[in-house]
Amino acid sequence: MNGIFHLHTVYSKGSSIKIEYLVKFIKNRKIDGICITDHSSFKGYEKIKKLVKIDVVPGIEIDTNFGDVIIIGIEELKNRVYNYNDLVDFVKNNGGLVVLPHPFDIFRKGVLTKNKEVYFDVLEIFNGRCILDTFNEKSKMFCKMKNKIGIAGSDAHFAAELDNCYLTYENDFFESIKKGKFKNIINKKSKLVYSILTLIEKL
């Protein structure tokens, strides 16, 4: 089975991926699982789960006092900005997972650039939008050192980025991520122009 983790739709500022396009992409590429991680919004997740008959995992990317964090497996969060430790407690108590996206990226609020002693469940060891390869390399090394689950995220904001990477797994998408029972398949990194376009759209 094939799954895509960490992507954004039109419900994230700076992203142009429409739900209608994503539905077609899922069908054409035979995607079995997906985890949309829009910024501060579950709207993309709520829309897509009504339109496709695949495994749709709830996800959201939010700001904390330590940097960007992805939460998966939880369908509702009340605030957009969180104290990191309070957020971790909430997620753990509600059966979700704490994922650190682009953790060593100094340009995009990587959590581990500030504090390497934080709690997390899953570490993004490949982010399709990391400008410097060293950011992903540091993530891989840290993940191995901490014996944590490492995941590949496309971080797609534009349709051309959806093919950056994907995961192969056998059964339930969320449980596969939780247990580390998946394989990362990395195809490519995003072109720099897409990151620039995202910055422009956020202005």
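Candidates are the residues of segment 1-21 that are in a strand (DSSP E or B) and under 18 Å from Phe42 (Cβ atoms); the one that is farthest from the chain's Cα centre (by Cα) is Ile4.
Quick grid of which residues meet (1) in contact (Cβ under 8 Å) with a residue 24 or more places away in the chain; (2) surrounded by 18 or more Cβ atoms within 10 Å (Cβ to Cβ); (3) under 24 Å from Val98 (Cβ atoms):
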| position | (1), (2), (3) |
| --- | --- |
| His6 | yes, yes, yes |
| Ser16 | yes, no, no |
| Glu20 | no, no, no |
| Val23 | yes, no, no |
| Lys30 | yes, no, no |
| Ile48 | yes, yes, yes |
| Val52 | yes, no, no |
| Asp55 | yes, yes, yes |
| Ile70 | yes, yes, yes |
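Given the criteria at pLDDT 95 or above and assigned to a loop (DSSP other than H, G, I, E, B), does Cys143 qualify? No, not satisfied.
If you go through segment 148-180 and keep only what is of a type in the set (Lys, Arg) and either modelled with pLDDT under 95 or part of a helix (DSSP H, G or I) (or both), you end up with Lys178, Lys179.
For segment 136-159, the condition holds for at least one residue, the condition being that it is under 25 Å from Leu77 (Cα atoms), without any contact (Cβ under 8 Å) to a residue 40 or more places away in the chain and in contact with a Cys (Cβ under 9 Å, 6 or more places away or on another chain).
The values are calculated or read from the model by the stated rules, or taken from the named source; none is laboratory data. On a predicted model such as this, the values are computed, not experimentally measured, just so you know. Cβ sites come from the backbone with ideal geometry, for glycine too, and all protein chains shown count toward neighbours.
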